[in-house]
Amino acid sequence: MYGVVTRNPDEVEWPDFDRAFYEVKDVTGRAAEPLPEAVNMVSCFGDTAAANSNPELVPVDGEGTLATRDQRYFDWAYICPTNEDYREGLLEIVTDCADENPDVRLDDVGFPRDGYCRCDRCERLFDEWVEENGVDGDEDDWYEWRAEIITEFVAEAADRIPGRTYLTLYPDPYPGHLYRRAGLDIEALAEYVDEFVVPLYDVHYGTTYWLETIAKGFQSLLDPVDVPFAIELYAVDAEMDLDDLIHATEVAESYAEHVCFGYDASNAAAALRRKRADQQEGVTHRPDDEDD
């Protein structure tokens with residue numbers, strides 16, 4: 001099964017794709033109305049516009065560093081997952097999406113990376129959690145608390161999604177990395193997620209050994225929880241050669257249940273058409289002989 005990820009409403013019904021993810025809210029903060037024909041997609045805690053308008057929403061590390069694009073390792077700004085007002089707003093968007101289409105994809109879920117968040121609210125909530133659970137409050141407890149925060153949010157969102165709940169994963173399957181980086185407890189999340197989506201982006205896919213390695217890593221990570229995953233490839237026609245994109249697709253579908261293509265439906269559709277045509281090469285179709 002092949003899908004597309006798009007910001008263009010007219011592309012969600014292209015016949016080349018079996019499924020379309022439509023961005024209703026992206027990491028810039030841009031918003032659009034959900035569509036009934038698509039799996040509507042919500043960037044949850046990535047929101048540069050909200051961060052710019054209210055820096056108090058932004059997570060900080062122990063040194064007070066904001067998780068914004070000003071840091072070399074962030075491509076967009078983040079919002080602290082413990083901010084109740086922002087979370088409620090996200091859940092309202094999820095509800096609006098589910099009203100149009102029963103399936104919804106949750107994108108950019110989690111804390112921005114290791115060390116976040118140490119804002120006053122997170123410190124207070126963690127201290128309360130430590131007291132309630134009678135634990136020491138050490139680093140391991142802090143990571144466990146973060147994971148509970150994220151799992152609770154996903155559970156609340158999934159409760160509002162009558163169909164399939166999709167969840168995007170940061171492309172790092174190394175044991176423990178998703179847990180420590182973002183607060184994603186795969187085993188706990190599996191109860192609420194119907195399919196994970198892993199973006200593995202490159203601008204030309206000239207080599208694919210790394211793609212195979214990461215895909216195999218996610219296969220090993222997710223097999224025990226019995227939740228399927230899709231791989232999302234980057235199809236923007238900048239330096240992209242269709243043959244390279246086709247080869248990347250063949251590698252991805254060897255491990256993932258589905259493959260989808262991000263942000264250039266035309267390029268993706270062209271690759272799929274050529275791939276399907278190549279599969280039919282060597283087959284000759286002859287009309288039945290007709291009587292004179």
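With only Lys, Arg, Asp and Glu charged, each at its Cβ (+1 for the first two, -1 for the last two), find how big the charge dipole of segment 3-150 is about the Cα centre; round to the nearest 20 debye.
For this selection, approximately 580 debye.
Using C-alpha positions alone, give me the convex hull volume of segment 164-232 per residue in cubic angstrom.
Expressed per residue, the convex hull around the Cα atoms of segment 164-232 is 83 Å³.
Projected onto the charge dipole of the chain (+1 at Lys/Arg Cβ, -1 at Asp/Glu Cβ, origin at the Cα centre), which of Thr95, Cys80, Ile149 gives the Cα projection farthest towards the positive end?
After comparing all options, I get Cys80.
Applying a 10 Å radius around every beta-carbon, put 34-47, 16-29, 75-88 in order of their mean neighbour count, most first.
Ranked by mean Cβ neighbours within 10 Å, highest first: 34-47, 16-29, 75-88.
How big is the C-alpha Rg of segment 1-124 next to the rule-of-thumb value 2.2 N^0.38 Å, as a ratio?
Ratio of Cα Rg to 2.2 N^0.38 Å: 1.15.
Bin all alpha-carbon pair distances of segment 40-192 at 5 Å intervals from 0 and give each bin's fraction as a whole percent.
For segment 40-192, the pair-distance distribution reads 2, 10, 19, 22, 21, 16, 8, 3, 0, 0.
Each label point is 7 Å from the Cα along the Cα-to-Cβ direction; what then is the distance between the points at Asp85 and Arg180, in nm?
Here the answer is 3.5 nm between the modelled labels.
Give, in nm to one decimal, the length gained when the segment between Val203 and Val135 is fully stretched (0.36 nm per residue of separation minus the Cα-Cα distance).
Contour length minus the Cα-Cα distance gives 19.8 nm.
What Kirkwood hydrodynamic radius, in Å, does segment 122-260 give when the mean of 1/r is taken over all pairs of distinct Cα atoms and then inverted?
16.6 Å is the Kirkwood radius here.
Looking at segment 1-122 only, what percent of DSSP beta bridges run antiparallel? Nearest 5 please.
20
In nm², what is the average projected area of the convex hull enclosing the Cα atoms of the chain?
Mean shadow area of the hull around the Cα atoms is 19.0 nm².
Of Gln71, Gln279, Gln219, which has the largest mean-square fluctuation in a 10 Å C-alpha GNM of the chain?
For the chain, modelled as a Gaussian network with Cα springs under 10 Å, the answer is Gln279.
Which FRET efficiency, nearest 0.05, do Asp18 and Asp70 yield, Cβ-Cβ r, R0 51 Å?
The computed FRET efficiency comes out at 0.80.
Tell me the relative contact order for segment 74-207 as a rounded percent, counting alpha carbon contacts under 8 Å between residues six or more apart.
Taking the mean separation of contacting Cα pairs over the length of segment 74-207, I get 32 percent.
Could you tell me the largest-minus-smallest coordinate of the C-alpha atoms of segment 220-259 on each of the three principal axes, in descending order and whole angstroms?
Principal-axis extents of the Cα atoms in segment 220-259, largest first: 37, 15, 13 Å.
Give, in nm to one decimal, the length gained when the segment between Gln219 and Arg276 is fully stretched (0.36 nm per residue of separation minus the Cα-Cα distance).
Roughly 18.0 nm would be gained on extension.
Every read-out reported here was derived from the displayed coordinates using simple, explicitly stated rules and does not represent laboratory data. The structure presented is a predicted model; accordingly, all values stated were derived computationally and were not measured. Cβ: placed from backbone, ideal geometry, glycine included. Neighbour counts: every protein chain shown.
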